[in-house]
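These notes concern the structure reproduced below.
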Amino acid sequence: MYDEERQWIWRARELAEYAAQSGDVPVGALVVRSGEVLGKGWNTREVAQDPVGHAEIMALREAAQRVGSWRLPGCDLYVTLEPCTMCAGAIVAARVRRVVFGAWDAKAGAAGSLRDVLRDSRLNHHVEVVGGICEEECAAQLAEFFSSRR
């Protein structure tokens with residue numbers, strides 16, 4: 001399973017490059033069910049001036065359109081950075097089964113770092129969380145982007 005998770009995170013890293021090339025924070029995401037990519041996304045907040053233009057939101061929207069339902073049971077979301085509170089809320093609302101992410105986000109992470117929305121027992125759905133897959137590579141991609149901006 002670990003090799004499969006790494007492969008999906010590497011694909012998400014490739015999507016993150018689209019964001020970086022357009023001047024957005026390099027975060028990429030994929031929604032996968034039974035080995036099939038249903039949705040993909042990368043950050044578009046800056047380029048589209050969209051406050052919800054996060055990679056996870058883009059991937060969830062595409063997957064929901066593809067399956068014809070906002071509910072995405074049995075789906076896994078692979079993302080290069082730990083989801084923020086907004087994205088974690090959308091993940092819970094979509095009934096995603098599992099989130100696998102690369103780098104932890106101590107400043108805004110909502111999958112165990114700063115808060116843990118995905119596994120909050122008070123919510124109606126709980127998401128399995130696997131963090132730190134290809135963590136060094138994902139963190140380096142982000143660090144390189146921000147160092148080039150300073």
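The values are calculated or read from the model by the stated rules, or taken from the named source; none is laboratory data. The structure presented is a predicted model; accordingly, all values stated were derived computationally and were not measured. Here the Cβ positions follow ideal geometry from the backbone for every residue, glycine too, while neighbour counts run over all protein chains shown. Heads up: the accessible areas ignore ligands, DNA and RNA and are worked out on the full protein's heavy atoms, side chains in. Shrake-Rupley method; radii C 1.70, N 1.55, O 1.52, S 1.80 Å.
For the stretch 87-134, the solvent-accessible area works out to 44 Å² per residue, with a probe of 1.4 Å and every protein chain left in place. Normalised by the number of residues in the stretch 11-150, the mean separation of alpha-carbon contacts (under 8 Å, six or more apart) gives a relative contact order of 19 percent. Summed over the residues of the stretch 1-49 and divided among them, the accessible surface reaches 54 Å² per residue at a probe radius of 1.4 Å. Inter-label distance, ALA143 to SER22: 2.7 nm, where each label sits 7 Å from its Cα along the C-beta direction. Per-residue extension of 0.36 nm, minus the Cα-Cα distance of VAL130 and ALA93, leaves a gain of 11.5 nm for this segment. Taking GLY131, GLY23, GLY68 in turn, the Gaussian network model of the chain (Cα-Cα springs below 10 Å) assigns the largest fluctuation to GLY68. Relative to the longest principal axis of the Cα atoms of the chain, helix 135-149 runs at roughly 40 degrees.
Here each label is just a point 7 Å from Cα along the line to Cβ, and for TRP70 and GLU46 those points are 3.1 nm apart.
Would you mind working out the magnitude of the charge dipole of the chain relative to its Cα centre, with +1 at each Lys and Arg C-beta and -1 at each Asp and Glu C-beta, to the nearest 20 Debye? Intermediate values should be presented prior to the final figure.
Values: 18 positive and 21 negative charges, 110 e Å.
Roughly 520 debye, rounded to the nearest 20.
Under a 1.4 angstrom probe, counting protein chains only, how are THR85, THR80 ranked by accessible area, largest first?
THR85, THR80
Dividing the helix sum by the residues of the chain, where each DSSP H run of 4 or more adds -39500 (n - 2.57), gives a mean residue ellipticity at 222 nm of -12500 deg cm²/dmol.
When a 1.4 Å probe is rolled over the protein heavy atoms, the share of accessible surface on the chain that falls to carbon and sulfur comes to 49 percent. Apply 1/(1 + (r/R0)^6) to the Cβ-Cβ distance of GLU36 and LEU114, taking R0 = 30 Å, and write down the FRET efficiency to the nearest 0.05. It comes out at approximately 0.40.
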